[in-house]
Ligand code: HEC
Ligand code: HEC
Ligand code: HEC
């Protein structure tokens, strides 16, 4: 099948556009481990891509107050149980609740806070 001239032009523009996207387009999985391991729990894996295709950026980065820099948010378990941050949704209503400790605390020991993976989520338990 032959693609028309305009199809080819559009494809080239798409490629250029993708190449020009800044590095922050890395959405992979975010590891949160400022407190968890020090307090005897495995690091938290937050599948960013999984969430960001379901919710608008501003829900988390504005309304919930998550800063857009991996490792920059100081989140405590008590705040989550009180309905802040992850707990805004993980409350047995919008999504499964905080009693499912190891769905969030699924990281391997020793992981540092930061982004892992490329443009898509590998999900809990991989890192
Ligand atoms: C919806 C996701 C989620 C669930 C479910 C969850 N946690 Fe957490 N937890 C977090 C996040 C995020 C942090 C902050 C991680 C960090 O920066 O170290 C955290 C931190 C912690 C900490 C560190 C100390 C503190 O008080 O903040 C402990 C201990 C902890 N969680 C225990 C638990 C236990 C026990 C359960 C199950 C009863 C649980 N968590 C369920 C996301 C979750
Ligand atoms: C469900 C909540 C949620 C949604 C929706 C969401 N994010 Fe995030 N985002 C987070 C969390 C949590 C972190 C990690 C913060 C940390 O590690 O302290 C993060 C981290 C980031 C980072 C930092 C990456 C780095 O390398 O430091 C960027 C950039 C970002 N998000 C952009 C976006 C954009 C753009 C969208 C919408 C297209 C979006 N986020 C949607 C929760 C969300
Ligand atoms: C804006 C709402 C929202 C926020 C905030 C949010 N989540 Fe979620 N999360 C969801 C929904 C909805 C699902 C899908 C639940 C389901 O499949 O039943 C989900 C699923 C997940 C999954 C499972 C992914 C999979 O592959 O099945 C993990 C792990 C998770 N969330 C961790 C977190 C952590 C850690 C935080 C905080 C850093 C967080 N979430 C914040 C809404 C949210």
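Residues of region 90-127 that are modelled with pLDDT of 95 or more, surrounded by 13 or more Cβ atoms within 10 Å (Cβ to Cβ) and either away from ligand 3 (no atom under 11 Å from the Cβ) or within 12 Å of the chain's Cα centre (by Cα) (or both): 104 alone. Would you mind telling me which numbered condition in (1) within 11 Å of ligand 3 (Cβ to nearest atom); (2) more than 14 Å from the chain's Cα centre (by Cα); (3) in contact (Cβ under 8 Å) with a residue 24 or more places away in the chain; (4) buried (at least 18 other Cβ atoms within 10 Å of the Cβ) residue 87 fails? In the conditions (1) within 11 Å of ligand 3 (Cβ to nearest atom); (2) more than 14 Å from the chain's Cα centre (by Cα); (3) in contact (Cβ under 8 Å) with a residue 24 or more places away in the chain; (4) buried (at least 18 other Cβ atoms within 10 Å of the Cβ), residue 87 misses (3) alone.
Filtering region 55-78 for residues that are surrounded by 11 or more Cβ atoms within 10 Å (Cβ to Cβ), outside any loop (DSSP other than H, G, I, E, B) and touching a strand residue (DSSP E or B) at 6+ places or on another chain (Cβ under 8 Å) leaves an empty set. Taken together, 62, 55 contain a single residue that is out of contact with any helix residue (DSSP H, G or I) (no Cβ under 8 Å at 6 or more places or on another chain), over 20 Å from residue 36 (Cβ atoms) and at pLDDT 90 or above, which is 55. Residues that are part of a loop (DSSP other than H, G, I, E, B) and in contact with a helix residue (DSSP H, G or I) (Cβ under 8 Å, 6 or more places away or on another chain) were ranked within region 36-51; the one that is farthest from ligand 1 (Cβ to nearest atom) is 42.
The values are calculated or read from the model by the stated rules, or taken from the named source; none is laboratory data. Computed from a predicted structure; not experimentally measured. Note: ideal-geometry Cβ built from the backbone for every residue, glycine included; neighbour counts use all protein chains shown.
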